[in-house]
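Inspection log for the structure reproduced underneath, given as structure tokens.
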Amino acid sequence: MSKLRVGVIGAGSWAVAAHLPALAARPDDVDFVGVCRRGDDALRRVKERFGFRIASEDYRDVLAAGVDVVVVASPTAHHHEHATAALLAGAHVLCEKPFTLTSQQAWDVVQTAERANRQLLLSFGWNYAPMVERARKLLCAGGIGAVEQISVTMSSQTRELLADTGGYPDASPDSAPEPATWTDPAISGGGYGQAQLSHALALAFGLTGARARGAFALMSSPLSAAVELHDAICLSLEGGGICSVAGASSFVGADGNKHHLAVEAVGSDGQFMIDVFRERVSLFRPATGQADLPVAPGEGAYDGARAANCLIDLASGRRTDNPAPGELGARTVEALELAYRSAASGAFETSS
């Protein structure tokens, strides 16, 4: 099989720290064709480090070079344009989270992927983790029935990043994140909700199939931050269930910079729990009792390489299942869009 031609739109800090090293580790599978980012010096360094043939500040030059797979890791405000163009150019696409600024944009990209018959993946790293994939199989074999209540809690070391007082511990040391990417609401769409709760919602919604229909949200912006650092969100779900979501920007150095993330769900036929920090997965059903999945130490840690590897495996036909498809990304955008509307209005907001 010939190598897959790779294009990257937005080779910023996270792409350099996670996606590009993962792809570079597969020299028999990929050919680095084109890369796009702002800044001549940074662009040159990425081109030379990974061996791209073409480097340009115009993403259209990357697509025109001919690509089979594209990583879209540009700022969120550009995801709709960049992902749509890549799909229409015939590429399978891995899009960074948060997916898009609006749910209308998100569903438009999903429909474009369907019409183009191309794979669309979101960079929700935990959804690709082996412990999560085993949890998904456990739920498919015997689920919890109609979802009645979901509790989602998350904290991660984004206090300094979102307040623009420091960096992010998982960022590439060679390419610091552009502050505006995270702290300008016009570019990011918001703070902790966009940056981190998009991950948490993707984990919860991916495992339970939930979809938000309404939200009441409180958001806090200490340190005079331009975006929120902390979130408290109540969601109403399609089918009558409810969901609580708590998100906090913790200090760099806390708990060895390991993310706290847990999802608990109660349904008509049982209840389920996954905790990536404590590395535990359990399912209880009255008819069969409790099942606890074995989880190896360290398995709950975030691995940024998995999404790019899945992109290559899907595009090459080695894999057929997509753990973080575009429609899941669109459901996370719907929930966050409602939450930000509610925080701004002070009222319970519902989808139209």
For the stretch 85-137, which positions are of a type in the set (Asp, Glu) and not assigned by TED's automatic domain parsing to the domain that holds VAL8?
GLU133
I'm checking my understanding of the structure. Among residues of the stretch 245-275 that are assigned to a strand (DSSP E or B) and among the acidic types (Asp, Glu), which one is farthest from GLY206 (Cα to Cα)?
ASP275
Which pairs turn up if I take residues in the stretch 38-49 that are part of a helix (DSSP H, G or I) and look for partners that are among the hydroxyl-bearing types (Ser, Thr, Tyr) with beta carbon separation below 9 Å, at least 6 apart in sequence or on another chain?
ALA42/SER175; LEU43/SER56; ARG45/SER175; VAL46/SER175
Regarding the stretch 23-41, can at least one residue be identified that is crowded, with 21+ Cβ neighbours inside 10 Å, within 18 Å of GLY125 (Cα to Cα) and modelled with pLDDT of 95 or more?
yes
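Yes/no matrix, rows are residues, columns are (1) at pLDDT below 95; (2) farther than 23 Å from LEU122 by Cα:
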site	(1), (2)
ALA171	yes, no
GLY209	no, no
ALA212	no, no
HIS230	no, yes
VAL252	yes, yes
Just to be sure, is GLY206 more than 30 Å from VAL46 (Cα to Cα), crowded, with 22+ Cβ neighbours inside 10 Å and touching a helix residue (DSSP H, G or I) at 6+ places or on another chain (Cβ under 6 Å)?
yes
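When you scan the stretch 51-62, how many residues do you find that are surrounded by fewer than 19 Cβ atoms within 10 Å (Cβ to Cβ) and either of a type outside the set (Val, Ile, Thr) or assigned to a loop (DSSP other than H, G, I, E, B) (or both)? Give the steps one after another, and end with the answer.
Here is the first cut: in the stretch 51-62, the residues surrounded by fewer than 19 Cβ atoms within 10 Å (Cβ to Cβ) are 51, 53-54, 56-58, 60-61.
If we keep only those that are either of a type outside the set (Val, Ile, Thr) or assigned to a loop (DSSP other than H, G, I, E, B) (or both) as well, we get 51, 53, 56-58, 60-61.
Qualifying residue count for the region: 7.
Do we have any residue at all in the stretch 228-245 that's under 17 Å from the mean Cα position of the chain (by Cα) and on the phi < 0 side of the Ramachandran plot?
Yes, the conditions are met somewhere in the stretch 228-245.
Quick one: would you say VAL8 is crowded, with 24+ Cβ neighbours inside 10 Å, under 19 Å from the mean Cα position of the chain (by Cα) and part of a strand (DSSP E or B)?
Numbers: crowded, with 24+ Cβ neighbours inside 10 Å: yes; under 19 Å from the mean Cα position of the chain (by Cα): yes; part of a strand (DSSP E or B): yes.
So VAL8 passes the test.
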Among the candidates ARG341, ARG318, ARG278, residue that is out of contact with any Cys (no Cβ under 6 Å at 6 or more places or on another chain), exposed (fewer than 15 other Cβ atoms within 10 Å of the Cβ), in the same structural domain as CYS234 (by TED's automatic domain parsing) and not in a strand (DSSP E or B):
ARG278
Would you mind finding the one in SER188, SER249, SER236 that is of a type in the set (Ser, Thr, Tyr) and in contact with a strand residue (DSSP E or B) (Cβ under 6 Å, 6 or more places away or on another chain)?
SER236
May I ask you to list the residues in the stretch 63-75 that are farther than 10 Å from ILE9 by Cβ and assigned to a helix (DSSP H, G or I)?
ALA64
Determine if the stretch 314-324 includes at least one residue that is farther than 20 Å from MET154 by Cα, touching a His at 6+ places or on another chain (Cβ under 7 Å) and either touching a residue at least 12 places away in the same chain (Cβ under 8 Å) or small (Gly, Ala, Ser) (or both).
yes
For the stretch 227-245 the number of residues that are touching a residue at least 60 places away in the same chain (Cβ under 8 Å) and buried (at least 17 other Cβ atoms within 10 Å of the Cβ) is 11
Here the residues within the stretch 50-64 that are in contact with a helix residue (DSSP H, G or I) (Cβ under 8 Å, 6 or more places away or on another chain) and not small (Gly, Ala, Ser) are PHE50, PHE52, ILE54, GLU57, TYR59, ARG60, LEU63
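The values are calculated or read from the model by the stated rules, or taken from the named source; none is laboratory data. Keep in mind that this is a model prediction, so the values were computed, not measured. Here Cβ is always computed from backbone atoms with ideal geometry, including for glycine, and neighbour counts include all displayed protein chains.
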